[in-house]
Amino acid sequence: MRFVITEPTKVKAFAIIFRQLKDFIADVNIDLSEDALYIQGMGDSHVCLFELILQKDWFAEFEVVKAFAMGIHCEFMFKMLGCLEDGQKITMHMDEDDDKLAVEFDSSGENNTIRKCFEMPLMNLDSEHLDVPEKEHESDLAIMADEFSELISQLSIFGEELIIKCHADGIDLTSKGDLGQMTASIKEEDIVEYAIEEDTVVNLSVGLKFIQSMCGFSKISEVAYLHCSNESPIKLHYSLDGEDSNDSKNYARFFVAPKLDD
């Protein structure tokens, strides 16, 4: 197995994803096939699900002879990627039946940087993939990812619960605590795209800490796609293709279960 990432924007996105994963899950399987790299992980709270898919052509080089899964420790990936410098490419490789993953950071193009090599023992992790059916949502929002992340950061100051209300005029995000509350009213002119089913109002409540964790990945894409339906998990989608698109082949996405009324 061997894959190489050379394009600076892709190197940065790959690094951000694996740096952030440690705050989401301790250990995870990377599933590799001849055609793609795939990760699915459930947070320890079993409230939030994460998926990453990178197709073969997303990489500068990608060679997998036989499909397999390799278990990694996310804390070590975080430490390792903290040593990555601007202008470096990422190479990961291992021989068949090896129990260690070799990782190299080396100069890409004309940049001269010190070559760094790492060796990470792999883990045997028992995991079953959940089937995530594609579905139409009652409300679809496309918003600049950094703006959404900043809003969530501000809302988290005032409470631990995020109340989402989607209606014909836009979306209201509310957080409230013992001392007061904050509401951010997002109008259609404030965002990239917004659609809601006719005569529909979506009301959901989710834990803010889960949305904050999802927003930690916001720098991998310019646009965040938020999909909501009553009594259904919220879906947040980040495109990893050259152009932002909710229909991207390469993406990171999250599903977080809403809080249910007692």
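Quick notes on this structure:
- Cβ-Cβ under 7 Å pairs, at least 6 apart or on other chains, the stretch 181-201 side closer than 16 Å to LEU226 by Cα, far side part of a helix (DSSP H, G or I) and at pLDDT 95 or above: ALA184/LEU151; ALA184/LEU155
- Answer residue from the stretch 46-57, given it is touching a strand residue (DSSP E or B) at 6+ places or on another chain (Cβ under 8 Å) and not in a strand (DSSP E or B) and is surrounded by the fewest Cβ atoms within 10 Å (Cβ to Cβ) among those: LYS56
- Within the stretch 14-39, the residues that satisfy the criterion of being under 16 Å from SER239 (Cα atoms) and part of a strand (DSSP E or B) are ALA36, LEU37, TYR38, ILE39.
- Flag for ALA142 being touching a Phe, Trp or Tyr at 6+ places or on another chain (Cβ under 8 Å) and over 19 Å from PHE3 (Cα atoms): yes
- Within the span defined as the stretch 132-146, one or more residues are of a type in the set (Ser, Thr, Tyr), crowded, with 19+ Cβ neighbours inside 10 Å and touching a residue at least 24 places away in the same chain (Cβ under 8 Å).
- Restricted to the stretch 173-223, and to residues there that are among the charged types (D, E, K, R), under 23 Å from the mean Cα position of the chain (by Cα) and not in a loop (DSSP other than H, G, I, E, B), the residue that is surrounded by the fewest Cβ atoms within 10 Å (Cβ to Cβ) is GLU193.
- Scanning the stretch 57-76 for residues that are under 26 Å from SER218 (Cβ atoms) and free of Cβ contacts under 8 Å to residues at least 40 places away in the same chain gives a single hit, ASP57.
- Residues in the stretch 31-40 that are crowded, with 19+ Cβ neighbours inside 10 Å and either of a type in the set (Val, Ile, Thr) or in contact (Cβ under 8 Å) with a residue 40 or more places away in the chain (or both): ILE39 only.
- Condition met for LYS165 (out of contact with any helix residue (DSSP H, G or I) (no Cβ under 6 Å at 6 or more places or on another chain) and either closer than 30 Å to PHE59 by Cβ or part of a strand (DSSP E or B) (or both)): yes
The values are calculated or read from the model by the stated rules, or taken from the named source; none is laboratory data. Nothing here was measured: the structure is a model prediction, and the numbers come from that model. Cβ: placed from backbone, ideal geometry, glycine included. Neighbour counts: every protein chain shown.
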